[in-house]
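This report refers to the structure that appears directly beneath it.
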Amino acid sequence: MNRIEVENLNVYFDEAHILKDVNIKIPNNTVTSLIGPSGCGKSTFIRTLNRMNDLISGFRKEGSIFLDGNEIYEPSVDVVELRKKVGMVFQKPNPFPKSIFDNVAYGLKVHGINDKDVVEERVEESLKSAALWEEVKDKLDKSAMGLSGGQQQRLCIARTIAIEPEVILMDEPCSALDPISTTKIEDLIHKLKKEYTIVIVTHNMQQATRVSKYTAFFLHGEIVESGRTEKLFMEPEDKRTEDYITGRFG
């Protein structure tokens, strides 16, 4: 079953044509990697999936994006509810200047969940799911800003999953992290895919092969090729894909 289906998507910022006739199906409970050189449209694409681009002036789109069969750009769609279903983890960890507990509880309170027992239980579950509980359980009232970069990124993942999304978007979640922290995030992605559909932007080819079942290669705002990760890397159908993954450009 496909969680997300994108049909003939074109995105413009004022006169600039950023995404061109993008078509892709993203299956449920899998990891899909988006690869391609800088400036090829990967981050713009991922931000169409939870309507983050709506916040940028000059944004305009054509085509359709379906989540569970429903077009997410219909006027009747509640964008706050959409972003609850489609969470996002950014390139740089961005914890709030609050306690570790309050960081994870923040989204719950925004969505009207204030029952103390429910909040405490959900915070603990989310930190456990993000493989962070054992490291922070004795300092939940301490500032999140005191955590290491890798811990902060896992905290941001905990904050995202606390509100029980269906989809988690990750925009280069390891690019600011050291190798050990990167391995922890990748291990976490493998665990999370059992419950969530994950779309990850990465510049790291090895990471794409390690974490994802499917990969799409973006170039100049188009998807050149997409399919099973193993096939795309071992037997690319397009010469441009082969040139990119073998390091001839990008």
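One residue stands out among those in segment 158-173 that are assigned to a helix (DSSP H, G or I) and of a type in the set (A, V, I, L, M, F, W, C): the one that is surrounded by the fewest Cβ atoms within 10 Å (Cβ to Cβ), which is 161.
When the residues of segment 111-149 are filtered to those that are part of a helix (DSSP H, G or I) and in contact (Cβ under 8 Å) with a residue 40 or more places away in the chain, the one that is surrounded by the most Cβ atoms within 10 Å (Cβ to Cβ) is 144.
Taking the conditions (1) of a type in the set (Val, Ile, Thr); (2) at pLDDT 95 or above; (3) over 27 Å from residue 25 (Cβ atoms) in turn, residue 168 satisfies each one other than (3). Each residue in segment 15-60 was checked for being assigned to a loop (DSSP other than H, G, I, E, B), crowded, with 20+ Cβ neighbours inside 10 Å and either under 13 Å from the mean Cα position of the chain (by Cα) or aliphatic (A, V, I, L, M) (or both), and 2 of them qualify. Inclusion of residue 176 among residues that are of a type outside the set (D, E, K, R) and in a loop (DSSP other than H, G, I, E, B) is warranted.
Considering 87, 63, 69, the condition of being over 19 Å from the mean Cα position of the chain (by Cα) and either loosely packed, with under 13 Cβ neighbours inside 10 Å or in contact (Cβ under 8 Å) with a residue 60 or more places away in the chain (or both) is satisfied by 69 alone. Only one of the numbered conditions (1) in a helix (DSSP H, G or I); (2) free of Cβ contacts under 8 Å to residues at least 12 places away in the same chain is violated by residue 155, and that is (2).
The values are calculated or read from the model by the stated rules, or taken from the named source; none is laboratory data. Since we're looking at a predicted model, the values are computed, not measured. Quick reminder, even Gly has a Cβ in these numbers, built from the backbone with ideal geometry, and neighbours come from all protein chains shown.
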